[in-house]
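Derivation of every value follows stated rules applied to the coordinates shown; laboratory data play no part. Quick caveat, the model's predicted, so the values are computed rather than measured. Cβ placement follows ideal geometry from the backbone for every residue including glycine, while neighbour counts extend to all protein chains displayed.
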Amino acid sequence: MAAEDDEKRRQQALAKILAVIGREELKLISFYTKLLDSVNDEDAQYLFRKLINESSRHLTLDTEMMVQLAPRLKSRGKPSRAELEQLLKILDEAESLEAEALKMYNGALPELEDPYVRGTAMWIRDDELRHVKMVGELKEIIKRKIARL
């Protein structure tokens, strides 16, 4: 039991550290993006773009570490109807957030002329569409589980 408590404390401590790191990376991305708009020097713009890209990669790694460190719950048996209904509400919110992101990318696409930016936005939009479908599929699975109770 003490070993499990130690592991849980370790994971919580690492998660807190990674959350701070992620927040800092977002600040850096925001800072350098603003600088890009205000600086007219090609060398500085090159460096700022490079720093934005590297901070974005750090943010991705931070997120991957957070997922890996997320506590793995031991099976506690089948979920109750109340737990499944709560999960369904959470999935409704997740689906709504993913749909908002999809709408934002779809709305931005007609305005994007640069082929690289447009292609990147289309790639992300396609991911958002896939996310909407994945959450929707899980919602259907949960609804079937509720119906069987």
Environment charge at R118 (Cβ cut-off 13 Å; Lys +1, Arg +1, Asp -1, Glu -1): -3
Lysine pairs in the stretch 77-149 with Cα atoms under 18 Å, if 8 or more residues apart or on separate chains: 9
